[in-house]
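First up is the structure itself, then whatever we jot down about it.
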Amino acid sequence: MTLGIIGGTGSQPLARIGQDWRPATDSASTPYGPASAVPEVASTDAGEILLLPRHGKPPGFAPHIVNYRANIWLMKELGADAVVATYAVGAIAPNIRNADLLVPHQVIDYTWGRRHTYVEPGEIRHVDFTEPFDGRIRSGLISAGEGCDLTGRLHRSGIYGCVQGPRLETAAEIDRMERDGCTVVGMTAMPETALAKELGIPYAGVCLVVNAAAGRGDGPITGAEIEAALKSAVVDLGSLLDTFLSSAVKALPDSPR
Ligand code: HPA
């Protein structure tokens, strides 16, 4: 079993969850251009983990610049049987607080202009996307969170509204997203989730809530608010993924090669 992890903002400490990290390949290049970085690989009791920092190493690719096609393609090429992604998000729903974790069950795509498909001109193919996230991985992540005592801070479902960025939203845009049913807002779940579906890679994610969305907090969104929440959420994310790797991941099937 090889688990790919695509780490979002602030996820550098995730490298603690494996040992003897080494480059998984010698080049980040793919038929779709370069991936964000050369993924690193480490061995755990559950198998291998591949870690790819979505924003590059050091971080340099903003959400609208990330080469999502190359990142997902490289994960597949390097043998990932499943992918877990992490995303920093803002909270729209009132019951979600800073530093909480959330395992989204649905996504609404508000992005535009991103290279969002592997379907080439001349080819006609429509991939079912009714359930964007893999149910087995989601259950594994939720039971891992419950197993390491995060229950009060872990939301078992939610609708991720993915915006283009890199600017944050207006208060009116957040009001509209709330009317649409969005629970959290972020900039990176799409087209990543859809590309994993196109390549048939079981994929799910964990959101780290780093701020109250625009118009939902006491004033403007500040870097200080985001950093404080991220620092705390990333510790919980590390425990959740550790538990996931030592238990739930064993229930995921190896993909046929
Ligand atoms: N909006 C969009 N993306 C985000 C936010 C936000 O408030 N916080 C973290 N990523």
Only listed residue being buried (at least 16 other Cβ atoms within 10 Å of the Cβ), of a type outside the set (A, V, I, L, M) and closer than 21 Å to residue 187 by Cα, chosen from 60, 90, 18: 90
Out of contact with any Phe, Trp or Tyr (no Cβ under 8 Å at 6 or more places or on another chain), at negative phi and open to solvent by 20 Å² or more (accessible area, probe 1.4 Å), is that true of residue 126? yes
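For the stretch 36-52, which residues satisfy the criterion of being in a loop (DSSP other than H, G, I, E, B) and open to solvent by less than 10 Å² (accessible area, probe 1.4 Å)?
Passing the criteria: only 39.
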From 217, 181, residue being more than 30 Å from residue 125 (Cβ to Cβ), open to solvent by 20 Å² or more (accessible area, probe 1.4 Å) and not β-branched (Val, Ile, Thr): 217
Matching residues, the stretch 168-178, being more than 13 Å from residue 110 (Cβ to Cβ) and among the basic types (Lys, Arg): none
For the stretch 193-206, how many residues are under 18 Å from residue 66 (Cα atoms), open to solvent by less than 10 Å² (accessible area, probe 1.4 Å) and out of contact with any Lys or Arg (no Cβ under 8 Å at 6 or more places or on another chain)? 3
Evaluate the following for residue 77: is it under 17 Å from residue 4 (Cα atoms), open to solvent by 20 Å² or more (accessible area, probe 1.4 Å), over 16 Å from the mean Cα position of the chain (by Cα) and of a type in the set (D, E, K, R)? yes
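The values are calculated or read from the model by the stated rules, or taken from the named source; none is laboratory data. Not measured: the values here are computed from a predicted model. Neighbour counts run over all protein chains shown; Cβ positions are idealised from the backbone, glycine included. The protein model used for the area step is the full one, side chains on, heavy atoms only, and it has no ligands, DNA or RNA in it. Shrake-Rupley method; radii C 1.70, N 1.55, O 1.52, S 1.80 Å.
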